[in-house]
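See below for the structure under consideration.
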Amino acid sequence: MPTAVNVPSAGLTRTVQVPLEGRAYDVLIGPGLLAQAGRIIAQRLGTARYAIVTDENVAHYHLATLEKSLGGEERLLGKVVLQPGEATKCFRELQKVCEALLEMKLERGDLVVAFGGGVIGDLAGFASSILRRGVRFVQIPTSLLAQVDSSVGGKTGINTPQGKNLIGTFSQPSLVLADTDVLSTLPAREMRAGYAEVAKYGLIWDEGFFSWLEESWRSVFGNDVSALTHAIETSVKAKSDVVVRDEKETGDRALLNLGHTFGHALEAWTGYSDRLLHGEGVAIGICLAFRFSEAQGLCPKGTAQRVTTHFRDVGLPTRINDIPGGRADADELMRLMAQDKKVREGRLTFILARDIGAAFITREVEPEAVRAFLAREIGG
């Protein structure tokens, strides 16, 4: 394990820049970053005071290491420890976080440290963006999903009964530290869920990366730090490139939502509960997107089966009926999809595929075709 991250010859830490004009920041990827977080943040962002937002699971395993790294009580204003799970991304918890940070007397020059998975990153990032009209924040993502996707790109937000992430802001972090070591305490189910977002990048525009994942996924899930780092770095580079081209998702950044139109509706249908993790919803949604594309004659036969087989090999759900706890209803899913953020003039936006690595955006999909497809998928 390295003693310093600024030693390229060590070959363990990778740096990906998100070069947004006037708001560029780095994503550091590698082992041992958590114990060095205080020094890295001070070197890059200057001396500051910190407030940590995390959840109970992450706090149990890693909070003491982060607190020690940040320099103890003289720099630490306080911490907010929340319940884990998607249900925490709500107005009630947003209010709780904002009021706690104000009670700490957090100032604009201070830093909020979002220390957790996608839920904590989205919630703490949102709170930071509206607190005192904007406070800097650092992302220290602790799940694979957050390291490859949600911690990068500046999307923040909360869920409502109407749908996922419908209330939020675009607010870029000042720095992202993705410590691969912390993934060792991640439950296997959470690791698999995050992997769906890794595979997504290959399926959108990099067939070679997807082929590599088909051959190397066991190494990514195993103790091969090189394979894991490569998977994360490749994903972050892909996301950085598209965020720089289209920060506010007015164009091709929407491609990153492959599988999400279906997946978000499934998450809302399950009440943002443990019945379906976000990455699991994305996995099912991606498989649905490829099966629908194939049914519409848009991509070659067998393409959807290749995607489904890979996800199934990894241990991810691939069909709506894989979700435990009851049968879905096509009309209800259509109602939930109508609340998707990408709806324009009442028309659904779908990310479909002409092949693996050849996704595209379309609003030329007839709702009845989608409803009939979902009815077939559900059966009965």
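Quick note: the coordinates plus some simple rules give every number you see, no bench work behind them. Since the model is a prediction, treat every value here as computed from it, not as a measurement. Because the Cβ atoms are built from the backbone with ideal geometry, glycine has one as well, and the counts that use them run over all protein chains shown.
Figures for the structure shown
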read-out: Peptides 353-361, 254-262 ordered by average Cβ neighbours within 10 Å, highest first; value: 254-262, 353-361
read-out: Estimated FRET transfer efficiency when R0 is 56 angstrom, pair N321-A64 (beta carbons, to 0.05); value: 0.85
read-out: Loop-located GluC sites (Glu not before Pro) in segment 262-369 whose Cβ has at most 16 other Cβ within 10 Å (DSSP); value: E345, E364
read-out: Angle in degrees between helix 278-295 and the longest Cα principal axis of the chain, rounded to the nearest 10; value: 30 degrees
read-out: DSSP beta bridges in the chain [antiparallel fraction, %, rounded to 5]; value: 40 percent
read-out: Relative exposure of S151, S129, S219, judged by other C-beta atoms within 10 Å (fewest first); value: S219, S129, S151
read-out: Other-chain or far-sequence residues with amide H under 5 Å of V80's (modelled H); value: I52, V53, T54
read-out: Of L131, L298, L277, the one that fluctuates the most in a GNM where the chain has Cα springs shorter than 10 Å; value: L298
read-out: Average Cα contact separation per residue, segment 177-262, under 8 Å, 6 or more apart, as relative contact order %; value: 26 percent
read-out: Among G202, G32, G71, residue whose mean-square fluctuation peaks in a GNM of the chain (springs only between Cα atoms under 10 Å); value: G71
read-out: Neighbour-count ranking [beta-carbon atoms within 10 angstrom, fewest first] of S184, S171; value: S184, S171
read-out: Percentage of interatomic Cα-Cα distances in segment 188-378 larger than 31 Å; value: 12 percent
read-out: Difference of contour (0.36 nm per residue) and Cα-Cα distance, N223 to A87; value: 45.8 nm
read-out: Computed over the chain: relative contact order in percent, which uses C-alpha pairs under 8 Å that are six or more apart; value: 15 percent
read-out: Cα-based shape type of segment 8-185, given that a ≥ b ≥ c are square roots of the gyration tensor eigenvalues and the cut on a/c is 1.5; value: rounded
read-out: Computed label-point distance, nm, for sites R44 and D274 using a 7 Å Cα→Cβ extension; value: 3.4 nm
read-out: The chain: angle of helix 207-221 to the longest principal axis, Cα-based, in degrees nearest 10; value: 60 degrees
read-out: Length added when fully stretched, T362-S216, from 0.36 nm per residue minus Cα-Cα; value: 49.4 nm
